[in-house]
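What follows is a short report on a single structure.
The values are calculated or read from the model by the stated rules, or taken from the named source; none is laboratory data. All figures in this text were calculated on a predicted structure; none of them were measured in a lab. No Cβ is skipped: glycine too gets one built from the backbone with ideal geometry, and neighbour counts run over all protein chains shown. Ligands, DNA and RNA are stripped out before the accessible areas are found, and what is left, the full protein with its side chains, is counted by its heavy atoms. Shrake-Rupley method; radii C 1.70, N 1.55, O 1.52, S 1.80 Å.
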Amino acid sequence: MMNRRWVLDHYPQGAATEDVWRLEDAPIPELEPGQILVKTQWLSLDPYMRGRIAPGANYTAGVAPGGLMQGGGVGEVIASAHPGWKVGDMAESMGFGWQTHAVLSPDLPGAQATNRVPEGVPAQAALSWLGMPGLTAYVGLTEIGRPLPGETVVVSAASGAVGQLVGQIAKLMGARVVAIAGSEEKLNYCRELGFDVAISHRDPKLAEALAEACPEGVDVFWDNTGGTIHDIVLAQLATRARVVICGRIAVVDKPASEDIGLRASARLIVTRARVEGLVVFDWWHKRDEAFRHLRKWQAAGHIRYREDVLEGFERMPEAFLRMMSGANLGKQLVRV
């Protein structure tokens, strides 16, 4: 039995293209004690992956040319050398990689651990609202943003995997929530989810539209994009605002010399605002707490979620480019 795998062919210069990866066949290694062999069913596409295919330093090690592309997945155990796992169990891990068969070590610590897919939900939920995006939204709001009832929360890329959850959780916390997204379909989806206002980032008068939507200023800004949106919102922070820097998908393909914009230091001093970067892997110990709340909210009808699914392992690069360009609506997945 052979394993099909996508490996990094070369680092992209600017925006990634499909030829950045190449498809290879490789033998599946023999299991060592404590390992399981999982046949992949679902693979996750997430913006953090762009940083993993860049040669520069990041918060964790990336992929070198010739290496297996990193990413999370869900699949069925088809062989086990681990006493706690049996054939037929469903497993989720951030350590799957882009491959049809993954050899996993369930006892690895932290984000590389292998987890059982919760019962009673679709398997791919472990990659979306009951997985890393759900944990991101939960800890970013409860530990960093901390919106109070009546405060205004602005979310960029609000219809995406994380943004759609941030808006709904912020509403549950009693906040007033403003969505920024890029198409009328996405804006309508945000309105359906309960966002109080939805604004297009393509509006040439975005700053004016934001000021109208947030007359008292922005109390919590959840930034998934960076770039121009980041600059416009930072100029409209309220006193004691909190800014959660979760992603920078709008500028991640640009070199550092071009990723420039507003010098916000004066505004930050005036508003006494706090800006904090969010790396979800720092909060992996909060998984059980987050998932307990998310399951309760979802069962009560307070959490809805949309997925954008491409069929077929061969479409992994296509799905990555779809996510990076913003063509997806909701969480980008590939059904292997």
Criterion: open to solvent by less than 50 Å² (accessible area, probe 1.4 Å), in contact (Cβ under 8 Å) with a residue 12 or more places away in the chain and part of a loop (DSSP other than H, G, I, E, B) - qualifying residue of ALA16, ALA102: ALA16
Among the residues of the stretch 114-131, is any open to solvent by less than 20 Å² (accessible area, probe 1.4 Å), touching a strand residue (DSSP E or B) at 6+ places or on another chain (Cβ under 7 Å) and among the β-branched types (Val, Ile, Thr)? yes
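Condition check ((1) crowded, with 18+ Cβ neighbours inside 10 Å; (2) more than 26 Å from ILE144 (Cα to Cα)) across all residues:
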{"site": "ILE232", "(1), (2)": "yes, no"}
{"site": "VAL244", "(1), (2)": "yes, no"}
{"site": "GLY277", "(1), (2)": "no, no"}
{"site": "ALA290", "(1), (2)": "yes, no"}
{"site": "ARG295", "(1), (2)": "yes, no"}
{"site": "GLN298", "(1), (2)": "yes, no"}
{"site": "GLU314", "(1), (2)": "no, yes"}
{"site": "GLU318", "(1), (2)": "no, yes"}
{"site": "ARG322", "(1), (2)": "no, yes"}
TRP98 meets each of (1) of a type in the set (Phe, Trp, Tyr); (2) modelled with pLDDT under 95; (3) touching a helix residue (DSSP H, G or I) at 6+ places or on another chain (Cβ under 6 Å) with one exception, condition (2)
Checked the stretch 243-294 for anything part of a loop (DSSP other than H, G, I, E, B), among the aliphatic types (A, V, I, L, M), under 22 Å from the mean Cα position of the chain (by Cα) and at pLDDT 95 or above; matches are LEU278, VAL279
Residues located in the stretch 17-37, provided they are aliphatic (A, V, I, L, M) and touching a Ser or Thr at 6+ places or on another chain (Cβ under 7 Å): ILE36
Looking only at the stretch 52-62, decide whether some residue is part of a helix (DSSP H, G or I) and buried (at least 16 other Cβ atoms within 10 Å of the Cβ). yes
Are there any pairs with C-beta distances below 7 angstrom linking a residue in the stretch 309-329 that is closer than 18 Å to VAL252 by Cα and touching a residue at least 40 places away in the same chain (Cβ under 8 Å) to a residue that is part of a helix (DSSP H, G or I) and basic (Lys, Arg), with the two at least 6 apart or on different chains, and if so which? MET324/ARG50; ASN328/ARG322
What are the residues in the stretch 1-40 that are at pLDDT 95 or above and polar (S, T, N, Q), if any? ASN3, THR17, GLN35, THR40
